[in-house]
Amino acid sequence: MNIVSLLIGLIAGAVLALAAYILIRRSILRGKREEILEKAEIEAEKIKNDKILQAKEKFLSLKAEHEEFVNNKNAQVREAESRVKQKENTVNQKLGELDRKNKEVENIKSSLKGQQEALKRKEEEFDRRIEQANRQIESIAGMTAQEAKNQLMENMKAEARTEAQAYINDTIDEARLNAAKEAKRIVINTIQRTATETAIENAVTTFPIDNDEIKGRIIGREGRNIRALEAATGVEIVVDDTPDAIMLSAFDPVRREVARLALHQLVVDGRIHPARIEEVVAKVQKQLEDEILETGKRTCIDLGIHGMSMELVRLIGRMKYRSSYGQNLLQHSREVANICAIMASELGLNPKIAKRAGLLHDIGKVSEEEPDLPHAILGMKLAEQYKEKPEICNAVGAHHEETEMTSLYAPIVLVGDAISGARPGARREVIESYIKRLKGMEDLAAAYPGVTKSYAIQAGRELRVIVGADQISDQQAEVLSGEIAKKIQDEMTYPGQVKITVIRETRSVAYAK
């Protein structure tokens with residue numbers, strides 16, 4: 001019991017002590033809270049006073065700025081008002097001056113009106129006097145004023161016409177004299193400044209060989225190789241007793257060149273038989289076409305001609321293997337181009353256009369299109385087709401006066417062509433007529449159906465006609481040779497006689513796969 005009572009007493013004492021501690025703690029906290037609140041109130045009052053002071057200072061600053069802005073605006077307004085007043089004074093002065101000038105103008109108008117009326121009265125008086133004078137003159141002369149005027153005009157016209165005609169005749173005579181002298185000077189200078197070549201074209205090419213063994217291999221067994229070569233190239237191959245040489249005879253320089261190059265490759269290669277011959281000839285023909293194009297390009301570069309169509313360049317290259325009256329066509333065209341350029345420079349024209357027209361003037365001679373047309377007209381059509389300038393086309397077409405000349409370049413090309421062809425040694429008429437005859441003979445035979453190729457050989461004494469075996473029979477080949485012979489006899493002129501040989505081959509080809 002005592003222990004329990006003691007424990008209860010201890011607990012009660014502890015509780016009382018805890019209660020006393022809590023009361024004391026609350027009293028301390030209450031004192032601190034009041035102290036904190038008092039400090040907060042003092043700090044807030046201080047902040048409020050500082051903010052009020054800052055607001056007053058900002059207000060005073062803004063007020064000062066506003067007053068300064070207002071003062072500036074007022075000054076600008078006063079300045080603008082001053083300028084307006086000044087302009088108003090100036091306008092008033094100008095209005096006063098304008099009123100004064102208007103009054104002066106009115107006074108001048110009234111004065112002029114009076115003078116005009118006086119002048120009108122004087123004119124009426126003058127017209128009356130003129131009319132009276134005219135009536136007196138008409139009565140004296142016996143004709144009206146209009147009749148006298150017409151007669152005077154007719155007399156003046158006749159006199160002026162006579163004087164003008166005399167002046168025109170004098171001018172024309174002087175121009176003709178000067179033009180003839182100037183033309184002779186230009187032509188002479190041009191001829192002197194142009195290097196020329198003589199005609200050296202022929203119808204035979206010599207092919208050198210090392211020994212007679214090669215000659216026998218070219219002929220082949222029973223002549224099969226030489227026949228195959230002649231059939232493939234259209235060139236007559238003359239193998240005679242001439243040592244170390246074989247003659248290639250044909251009027252067409254392209255064919256002779258193909259035969260020469262093919263023979264060279266065959267001899268170097270060593271394999272000579274009909275199949276190989278046809279293969280090499282086809283290859284050489286392709287190589288020659290490439291060489292023709294390269295020759296055309298090189299010619300244009302040498303002459304300083306640019307921007308020309310590749311087809312025209314190819315035709316220019318073909319000129320190397322064509323002759324005109326024994327004169328090499330490419331050399332002739334180059335010579336005409338240089339002559340035309342020199343003459344155009346002397347006349348103050350564009351030498352490049354003249355040179356281009358001179359180079360192209362005979363382009364129709366190497367074209368395979370429309371052979372019935374004159375070469376000048378055909379050349380003009382080709383130039384137009386490949387977008388050459390109109391003055392160049394006209395110069396090409398008019399250089400033989402087969403069409404109207406429309407520019408000064410046309411007579412220049414005409415004269416250049418004449419200078420190049422008319423000088424001594426430039427041309428041989430015989431070779432041209434000979435080539436024309438042989439070409440006509442080939443074309444005549446090629447016009448028959450079934451004919452694949454035709455070649456004139458032995459200077460035109462033999463015509464070899466190759467026909468397709470699937471189109472012409474042996475009997476028809478015999479008939480064809482007779483028909484061609486009769487047509488040549490009826491339509492062509494030639495010396496001696498012409499042998500027509502129709503060749504019909506049958507080939508059988510198979511492939512082992």
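The values are calculated or read from the model by the stated rules, or taken from the named source; none is laboratory data. Keep in mind the model is a prediction, meaning the values are calculated, not measured. Cβ sites come from the backbone with ideal geometry, for glycine too, and all protein chains shown count toward neighbours.
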Checklist outcome for this item: Within region 451-479, the count of residues that are in a helix (DSSP H, G or I) and touching a helix residue (DSSP H, G or I) at 6+ places or on another chain (Cβ under 9 Å) comes to 2
Item to check | One residue from Ile52, Ile28, Ile42 being modelled with pLDDT under 85, of a type outside the set (D, E, K, R) and at negative phi | outcome: Ile28
Item to check | In region 345-363, the residues that are surrounded by fewer than 24 Cβ atoms within 10 Å (Cβ to Cβ) and not charged (D, E, K, R) | outcome: Ser345, Leu347, Gly348, Leu349, Asn350, Pro351, Ile353
Checklist outcome for this item: When region 330-353 is checked residue by residue, the ones that are more than 20 Å from Met310 (Cα to Cα), part of a helix (DSSP H, G or I) and not polar (S, T, N, Q) are His332, Glu335, Val336, Ile339, Cys340, Ala341, Ile342, Met343, Ala344, Glu346, Pro351
Next on the checklist: Checking the condition under 23 Å from Pro253 (Cβ atoms), polar (S, T, N, Q) and modelled with pLDDT of 85 or more, which residue from Ser324, Ser367, Ser333 passes?
Outcome noted: Ser333
Item to check | Pairs, first free of Cβ contacts under 8 Å to residues at least 12 places away in the same chain and assigned by TED's automatic domain parsing to the domain that holds Lys355 in region 377-401, second part of a helix (DSSP H, G or I) and crowded, with 17+ Cβ neighbours inside 10 Å, C-beta under 7 Å, six or more apart | outcome: Glu384/Cys393
Checklist outcome for this item: The condition from (1) farther than 18 Å from Arg224 by Cα; (2) not assigned by TED's automatic domain parsing to the domain that holds Ile419 that Ile339 misses is numbered (2)
Checklist entry - Of (1) in a helix (DSSP H, G or I); (2) modelled with pLDDT under 80, Thr206 satisfies all except one. Which? => result (1)
Next on the checklist: Among (1) over 16 Å from Gly317 (Cβ atoms); (2) in a helix (DSSP H, G or I), there is one condition Thr295 misses while meeting the rest; what is its number?
Outcome noted: (1)
Item to check | Test for Ser309: is it surrounded by fewer than 23 Cβ atoms within 10 Å (Cβ to Cβ) and polar (S, T, N, Q) | outcome: yes
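Going by the structure shown, is Tyr448 outside the structural domain of Gly358 (by TED's automatic domain parsing), at pLDDT 75 or above and assigned to a loop (DSSP other than H, G, I, E, B)?
The answer is yes for Tyr448.
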Checklist entry - Any idea how many residues of region 268-309 are assigned by TED's automatic domain parsing to the domain that holds Glu230 and closer than 30 Å to Pro351 by Cβ? => result 0
Next on the checklist: So for region 250-264 (the condition being surrounded by fewer than 18 Cβ atoms within 10 Å (Cβ to Cβ) and in contact with a helix residue (DSSP H, G or I) (Cβ under 7 Å, 6 or more places away or on another chain)), does at least one residue qualify?
Outcome noted: no
Next on the checklist: Suppose the filter is aliphatic (A, V, I, L, M) and exposed (fewer than 14 other Cβ atoms within 10 Å of the Cβ); does Ile246 pass it?
Outcome noted: no
